[in-house]
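The values are calculated or read from the model by the stated rules, or taken from the named source; none is laboratory data. Note that the coordinates shown come from a computational prediction; the quantities given were computed from them, not determined experimentally. With ideal geometry, Cβ positions are generated from the backbone for all residues, glycine too; neighbour counts draw on all protein chains shown.
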Amino acid sequence: MLENAHLSEGVAVAKQRVTIADVAREAGTSTASVSYYLNDKREKLSEKTQAKIARVIKELGYVPNAQAQTLTGKQTHVIAIIILDNTNKWAGLVLNGMEQVMLPAGYQTVVCTSNFNPETELMYVDKMLSLGVDGFIIQPTANFKAVHDRIKRADKPVVFFDAAIYSPGTSWIKTNLYDGVYNATQALLDAGYEDFFSIAANMTEMRTRMERFQGYAEALAANGQLYKAIPIDHNKPSINELTEYFKYKFNPAKRTLIFVQNQWALPRVYKALQPMAHLLPQQIGLLGLNCEDWTNLTTPTVSTIIEPVDQEGREAAEMLLALLDGSSQPGEQRILECKLNWLDSTSI
């Protein structure tokens, strides 16, 4: 009697993985021919043979085994991108920039979100290494050294973005937020603003958040000015809470500047200021970050410091490709300049 000859209804039977031998048998070719096809050595094959192999691969649903490719030292043409937060416009722009470069170069990308958690970040690094990715592009947490050392031991290239990592042999790219914010703040001081607010999320989670803050605080300090800090996260304070705060904290005898340091917070602050919109920009100035998709469509329009986010994504991908093909060595570092987009919410 055969055991398990009949399975009860509802029990799933695992589908056997299609192998290169299965493809070769169905196509009437050798496994070597299928291997040539899969590894882009198709000049060794006739067009007829290539067409047969392609048809069978499609019919059988054959997928190359990435782990097997890793064991044989072959490239998988897959790149891992690890990002801190993928829920905002900035993330969409930087990822789009990377895709614009990687896809035409023959690479697919896998995007992982660390949510600012160093343990999650390192877990994704290990998982992607086990899957045989060819390289990494990472927006790092504060745990960047452990991440860099782990990837280096695996002999894989990595480019960090949105962070300056002053460690020998580390490749990274970032925007010059410090100078962008400092210069914008100085221009607004020169324009006559006298009272200053800073609206910012937790700065310990990201180096670039600290960089923005330092540019603002140090420009004010150089001119003998202080600022009032308003902490913000994705939930609090609400629009109404901000409106009430502004009503009681603004000094009508002074021209006030509000700098919103997180682009996801700018729409909330803008809405909170609507009951006072008639005071912009002479009595109240509003400065934000990025948000080009809407800040020139509102009344009044909103002044912002604009990072070249798409460019940062493209150049990070180009840097990784150069490491992969050997035309560059680890240690390249790039800084991109920001643009000041003065609109109606500030008096410049």
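Pairs meeting the criteria (first residue in segment 107-124 and touching a residue at least 24 places away in the same chain (Cβ under 8 Å) and under 18 Å from residue 317 (Cβ atoms), second residue surrounded by 14 or more Cβ atoms within 10 Å (Cβ to Cβ) and of a type in the set (Gly, Ala, Ser), beta carbons under 7 Å, at least 6 apart or on different chains) are 110/80; 112/80. The condition (being under 29 Å from residue 115 (Cβ atoms), crowded, with 16+ Cβ neighbours inside 10 Å and not assigned by TED's automatic domain parsing to the domain that holds residue 320) is satisfied by just one residue among 208, 185, 243: 208.
So is residue 133 among the aliphatic types (A, V, I, L, M), within 19 Å of residue 163 (Cβ to Cβ) and touching a strand residue (DSSP E or B) at 6+ places or on another chain (Cβ under 8 Å) or not? It is false that residue 133 is among the aliphatic types (A, V, I, L, M), within 19 Å of residue 163 (Cβ to Cβ) and touching a strand residue (DSSP E or B) at 6+ places or on another chain (Cβ under 8 Å). Could you run through segment 211-241 and say how many residues are assigned to a helix (DSSP H, G or I), more than 16 Å from residue 182 (Cβ to Cβ) and of a type in the set (S, T, N, Q)? Of the residues in segment 211-241, 1 are assigned to a helix (DSSP H, G or I), more than 16 Å from residue 182 (Cβ to Cβ) and of a type in the set (S, T, N, Q).
Consider segment 143-193 and keep the residues that are farther than 23 Å from residue 290 by Cβ and of a type in the set (A, V, I, L, M, F, W, C). The one that is modelled with the highest pLDDT is 158. Taking into account only those residues within segment 250-264 that are in a loop (DSSP other than H, G, I, E, B) and polar (S, T, N, Q), which is farthest from residue 207 (Cα to Cα)? Once the filter is applied, the top-ranked residue is 251. Every condition in (1) touching a Phe, Trp or Tyr at 6+ places or on another chain (Cβ under 8 Å); (2) among the β-branched types (Val, Ile, Thr); (3) under 26 Å from residue 263 (Cα atoms) holds for residue 53 except the one numbered (3). All conditions in (1) out of contact with any helix residue (DSSP H, G or I) (no Cβ under 8 Å at 6 or more places or on another chain); (2) of a type in the set (A, V, I, L, M, F, W, C); (3) exposed (fewer than 15 other Cβ atoms within 10 Å of the Cβ); (4) closer than 22 Å to residue 209 by Cβ hold for residue 142, with the sole exception of (1). With respect to residue 347, determine if the residue is under 22 Å from residue 192 (Cβ atoms) and either assigned by TED's automatic domain parsing to the domain that holds residue 97 or outside any helix (DSSP H, G or I) (or both). So residue 347 fits the description; yes. Which residues, counting only those in segment 315-344, are under 18 Å from the mean Cα position of the chain (by Cα), buried (at least 16 other Cβ atoms within 10 Å of the Cβ) and in a loop (DSSP other than H, G, I, E, B)? Within segment 315-344, 338 is the sole residue that qualifies. The combined condition, being at pLDDT 95 or above and either touching a strand residue (DSSP E or B) at 6+ places or on another chain (Cβ under 7 Å) or buried (at least 17 other Cβ atoms within 10 Å of the Cβ) (or both), is fulfilled by residue 289.
This table checks each residue for (1) at pLDDT below 95; (2) over 29 Å from the mean Cα position of the chain (by Cα); (3) in a loop (DSSP other than H, G, I, E, B).
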| site | (1), (2), (3) |
| --- | --- |
| 243 | no, yes, no |
| 248 | yes, yes, no |
| 266 | no, no, no |
| 278 | yes, yes, no |
| 282 | yes, yes, yes |
| 293 | yes, no, yes |
| 310 | no, no, no |
| 313 | no, no, no |
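Summed over segment 76-96, the residues that are within 18 Å of residue 158 (Cα to Cα) and either in contact with a Pro (Cβ under 9 Å, 6 or more places away or on another chain) or among the aliphatic types (A, V, I, L, M) (or both) give a count of 10. Across segment 310-318, a minimum of one residue is classified as closer than 30 Å to residue 136 by Cα and among the basic types (Lys, Arg). Criterion first (without any contact (Cβ under 8 Å) to a residue 12 or more places away in the chain, of a type in the set (D, E, K, R) and either within 20 Å of residue 164 (Cβ to Cβ) or surrounded by fewer than 16 Cβ atoms within 10 Å (Cβ to Cβ) (or both)) does residue 228 satisfy it? So residue 228 does not fit the description; no. Being closer than 19 Å to residue 286 by Cβ, small (Gly, Ala, Ser) and part of a loop (DSSP other than H, G, I, E, B) is true of residue 192. Count of segment 203-237 residues, restricted to those that are of a type in the set (D, E, K, R), in contact with a Lys or Arg (Cβ under 9 Å, 6 or more places away or on another chain) and either farther than 13 Å from residue 260 by Cα or modelled with pLDDT under 95 (or both), is 2.
In this structure, does residue 274 turn out to be assigned by TED's automatic domain parsing to the domain that holds residue 88 and either surrounded by fewer than 20 Cβ atoms within 10 Å (Cβ to Cβ) or touching a His at 6+ places or on another chain (Cβ under 9 Å) (or both)? So residue 274 does not fit the description; no.
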